[in-house]
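The values are calculated or read from the model by the stated rules, or taken from the named source; none is laboratory data. All values derive from a computational prediction rather than experimental measurement. Every residue, glycine among them, receives a Cβ derived from its backbone with ideal geometry; neighbour counts consider all protein chains shown. The area values use the complete protein model at the heavy-atom level, side chains included, leaving out ligands, DNA and RNA. Shrake-Rupley method; radii C 1.70, N 1.55, O 1.52, S 1.80 Å.
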Amino acid sequence: MKFTDGQWLLQPGVTAHYASEAYTVEARDDRIVILATSRPIKHRGDTLQGPTLTVVLSSPIEGVVRVSVEHYSHSTEARLHIPMVGAGKPAVQITETDTHMTLTSGALSVEVKKGEGWSLVFREGSRILTKSDWRSLGYIQWGAKGNHVHEQLLLQVGESIYGLGERFTPWVKNGQVVENVNKDGGTACEQAYKSVPFYLSSRGYGVLVNEAGPVSFEVASEKTTRVQFSREGESLDYCVFAGPTPKDVISRLTALTGRSPLPPAWTFGLWLTTSFTTQYDEATVTHFIDEMARRDMPLAVFHFDCFWMREFQWCDFEWNPKGFPEPEAMLKRLRDKGLRISLWINPYIAQKSPLFPEAAAKGYLLKRPNGQTWQTDLWQPGMGIVDFTNPAATAWYQGHLRRLMGMGVDCFKTDFGERIPVEGVVYHDGSDPVEMHNLYALQYNEAVFKVMQEVRGDEAVVFARSTYASGQRFPVHWGGDCWSNFESMAESLRGGLSLTACGFAFWSHDIGGFEGKPPPALYKRWIQFGLMSSHSRLHGSSSYRVPWLVDEESCDVLRAFTRLKHRLMPYLFGVAHEATQTGVPVMRAMVIEHPQDPACVTLDRQYHLGSQLLVAPVFTESGEVDFYLPDQGGAWTHLLSGAKRAGGRWHQETHDFLSMPLYVAPGSVIPWGDTDVRPDYDFAHSVTLRVFELADGAAADFVVPALDGSIAAKGRVVRAGGRYTATVSEGALTQWSLQVGEQRSSVLASGGSLSFDA
């Protein structure tokens, strides 16, 4: 929200009170408490009337400083905040001079200037990250628009801002106004299914606004040298995260707000769905699955979208008997084919659902202030919304999912959760509806994920559209309703990179686009992109997404890239496990992997898949693509062709539909699996360690995961002249080999060391 009219004026009706003096600065145990006045105090008379702001500086974890700002302390309801599951009491140091007081947590410090001239300076060591100074911290009174608190943090020359959730607008957020409110807007607008009030700076720090309710961000848009964030009310809470690298920032963020558990290996395979409004029944589903098998296109998961239930009755959690008269027997037949099963659900109960009267009578749905059930026709006619603040409602909802899992269902697509009212609605626990709007998606996914953990243990996974900050704890997430064109394919990637920059380890999207019918060229290019994402799903709205209905070449492309992903699973699953330990996402923007390379600052049409693999999707029908390879001290190798390309420069290539820019960084060791027919297999058996451009005298580490996410084997490859030696230092490999270029060693049945000359 913009409060000013240019540099000198305020918007009509705005009265602004800016922190101008730290009148008292007190150290209290592990925090600093500041009384900030809105005018300099020259004499006793100036102490009369306000407003003043109480500012508390503390640290929830090492390397993070929390700033809590408050005007009135008890005149409004307590605000809701972001779950900080990792918060504790880290050791902090408070030092004081005549002019300043400083709180230090790990490498991060915040220094407050005593007396006149408001100043908070955030430093990592001696390096200034950002600061709050003249007219940065403000309390705004705006008549009917309410009172607001805002902060403005400095942007330095050349600094770029990323993140703020799954944003489909330009990757670099400078110049944008971002409203932190979940909405069902699709990918072609500024709205987001997954708002996250966190931004990542190209200078290696991050800022999380610790608020559940709406937060408005002005990223170099109201003040060109500042990021402003504001919210209506009497308080504001935010955290600054130290780096020094973007990976370090994301690791600290997820240490505080929670890290993703590891999705099971089968989820990394290809998902095929019925699509949304298409006609389907058991015969249709079986035909799709059998035809995929006949054409040698491996399939891991089959998903039933909305109409597995009867029309007008979502959700009643009952199979439509017209299309699926024997669901348990059908599910057994599908699972006997080696498939996992996913079902679509949402948190709404339609009026025609047999469950609606029960849910309304027992108070399981959101209510109106008069005690009646809140209902709407927007989506399912007469629907109510499950109130997950009511433990009984949550248990009731989970009970229906538990029954479905007992029938043979493996996971759920948790759709919707954004169209949640903010007025005229009452929650069971009395929560403020405005504050609960974003958190609703979090509670919804948590309820589903937790019952899956109870039933499936480590196999728990959802396929979620909406979420909020800390939602990475309930993977996986997908990008929502995109269009069947290259522009939407590109905006989907921007959204994914923005979300993963906020600590979300796993992300997917609808291959081919959701709305419309994808042209053959787009469909094949999106297949490449989709299979080189952490999770891969074919899905559409009004047309089936099976490849033979597009053209025969699409079958070849889908087969090739699905099998390629399976071969890469020892590498990808290792990267996935690393993400659960560090918080660094599987798919990551170039600037996260190469923060010192200025050419990577704005790149949003290519990305890293782990640290060793670079992917540049093709966004043209002709196959022409421009991409950048950073300087890594050696040549990059095309994974499919073996072609070499120099780093530190741009390249232009033309690829057919069976290829794309897929480059391995020099000095990499990629564990290459022995099967291409499924994603879940014994990665340590018959694995080939593929070595890429390892310099003479250099060494490179490798890790091969087990299916449970533990380390099956780890070790190092060393080059001495033309001789390559791999040594397993932990765990064991069986029937394994080394490969350099086209040359491959003999197979070692077992043992911890293998050498060969290449």
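Would the stretch 325-346 turn up any residue that is under 24 Å from GLN443 (Cα atoms) and without any contact (Cβ under 8 Å) to a residue 40 or more places away in the chain?
no
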- Query: Residue check: is GLY503 at positive phi, open to solvent by less than 10 Å² (accessible area, probe 1.4 Å) and either among the hydroxyl-bearing types (Ser, Thr, Tyr) or over 17 Å from the mean Cα position of the chain (by Cα) (or both)?
  - Reply: no
- Item | Residue tally, condition in contact with a strand residue (DSSP E or B) (Cβ under 6 Å, 6 or more places away or on another chain) and small (Gly, Ala, Ser), over the stretch 414-450 | 1
- Could you count how many residues in the stretch 574-617 are outside any loop (DSSP other than H, G, I, E, B) and of a type in the set (S, T, N, Q)? 3
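Only one of TYR571, TYR628, TYR544 is assigned to a helix (DSSP H, G or I), aromatic (Phe, Trp, Tyr) and at pLDDT 95 or above; which?
Values: TYR628 fails: assigned to a helix (DSSP H, G or I); TYR544 fails: assigned to a helix (DSSP H, G or I).
After ruling out the rest, the residue left standing is TYR571.
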- Item | Top-ranked residue of the stretch 239-262 - restricted to ones that are open to solvent by less than 10 Å² (accessible area, probe 1.4 Å) and more than 29 Å from LYS450 (Cβ to Cβ), ranked as nearest to the chain's Cα centre (by Cα) | PRO246
- Would you mind telling me which numbered condition in (1) touching a Ser or Thr at 6+ places or on another chain (Cβ under 6 Å); (2) free of Cβ contacts under 8 Å to residues at least 40 places away in the same chain; (3) open to solvent by less than 40 Å² (accessible area, probe 1.4 Å) VAL586 fails? (2)
- Note on the stretch 681-717: residues open to solvent by 60 Å² or more (accessible area, probe 1.4 Å) and either modelled with pLDDT under 95 or part of a strand (DSSP E or B) (or both) are HIS685, ASP701, VAL703, ASP708, ILE711, LYS714, ARG716
- Of all residues in the stretch 718-744 being more than 26 Å from PRO263 (Cβ to Cβ) and part of a loop (DSSP other than H, G, I, E, B), the one that is most open to solvent (accessible area, probe 1.4 Å): GLU742
- Go through the stretch 396-408 and give me each residue that's over 23 Å from ASP429 (Cβ atoms), assigned to a helix (DSSP H, G or I) and in contact with a strand residue (DSSP E or B) (Cβ under 8 Å, 6 or more places away or on another chain). LEU404
- Consider VAL177 carefully, then state whether it is surrounded by fewer than 19 Cβ atoms within 10 Å (Cβ to Cβ) and touching a Pro at 6+ places or on another chain (Cβ under 7 Å). no
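What's the total number of residues in the stretch 651-680 that are part of a loop (DSSP other than H, G, I, E, B), within 30 Å of PRO519 (Cβ to Cβ) and open to solvent by 10 Å² or more (accessible area, probe 1.4 Å)? Let's see the steps before the verdict.
First, the residues of the stretch 651-680 that are part of a loop (DSSP other than H, G, I, E, B): 655-661, 665-667, 673-680.
Those still in the list that are within 30 Å of PRO519 (Cβ to Cβ) too: 655-661, 676-677, 679.
Those left that are additionally open to solvent by 10 Å² or more (accessible area, probe 1.4 Å): 655-659, 676-677.
The qualifying residues number 7.
I'd like to know if the stretch 551-565 contains one or more residues that are open to solvent by 10 Å² or more (accessible area, probe 1.4 Å) and of a type in the set (Lys, Arg). Please lay out each step first, then the result.
Residues of the stretch 551-565 that are open to solvent by 10 Å² or more (accessible area, probe 1.4 Å), as a first pass: 551-553, 556, 559-560, 563-564.
Checking the rest, the ones that are also of a type in the set (Lys, Arg) come to 559, 563.
Checked the stretch 551-565: at least one residue is open to solvent by 10 Å² or more (accessible area, probe 1.4 Å) and of a type in the set (Lys, Arg).
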- Message: Can you name every one of the helices (runs of 4 or more DSSP H) wholly within the stretch 281-395 that holds 2 or more residues which are of a type in the set (Val, Ile, Thr) and surrounded by fewer than 19 Cβ atoms within 10 Å (Cβ to Cβ)?
- Response: 282-294
- Answer yes or no: is there a residue in the stretch 16-26 that is aliphatic (A, V, I, L, M), over 25 Å from PRO214 (Cα atoms), surrounded by 15 or more Cβ atoms within 10 Å (Cβ to Cβ) and out of contact with any Ser or Thr (no Cβ under 9 Å at 6 or more places or on another chain). yes
